[in-house]
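The values are calculated or read from the model by the stated rules, or taken from the named source; none is laboratory data. Being a predicted model, the structure only gives us computed values, none of them experimental. Here the Cβ positions follow ideal geometry from the backbone for every residue, glycine too, while neighbour counts run over all protein chains shown. Side chains included, ligands, DNA and RNA excluded: accessible areas come from the protein's heavy atoms. Shrake-Rupley method; radii C 1.70, N 1.55, O 1.52, S 1.80 Å.
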Amino acid sequence: HATVTDSSKISAISSLGVQVFENSIANHFTAFPQATVFLYTHHFQLISPIQFLVVIPPSVITVQPDGGVALDTEYMTMFHWLNSQTKQLNAALKAFNSRKQKNVDSDEEE
């Protein structure tokens, strides 16, 4: 594996490094989520391409003085909708991962 800084196809990337923000109040997201708030550090995570759902254009993000961000109304509505679909999104991710595992298992049997 090597570092990829630009790709036209997200599926070509094995893992994507992202900074995690946590919704705090209204349309504001803190740069210090619960997982790292006591250490006062930012939280980063590697996610698979299937977990990457939306690209948020910089024009709809307002960076706050504390390092957090605020989203405009349109993307905040999308956030609330996606948040309400957590159970279904987790089920879809589980189904996707089990499908991938079944393909690996059947390849090993051949």
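To the nearest 20 debye, what is the magnitude of the charge dipole of the chain about its Cα centre, counting +1 on the Cβ of each Lys and Arg and -1 on the Cβ of each Asp and Glu?
Magnitude of the dipole: close to 200 debye.
Give me the accessible area per residue for the chain, probe 1.4 Å, as a whole number in Å².
78 Å²
What distance in nm separates the two pseudo spin-label positions at T36 and D72, each 7 Å out from Cα along the beta-carbon direction?
2.8 nm
Of all alpha-carbon pairs in the stretch 25-88, indicate the percentage at a distance above 18 angstrom.
In whole percent, the share of Cα-Cα pairs in the stretch 25-88 beyond 18 Å is 49.
What's the carbon and sulfur percent of the chain's accessible surface, probe 1.4 angstrom, rounded to a whole number?
Accessible surface attributable to carbon and sulfur in the chain totals 58 percent.
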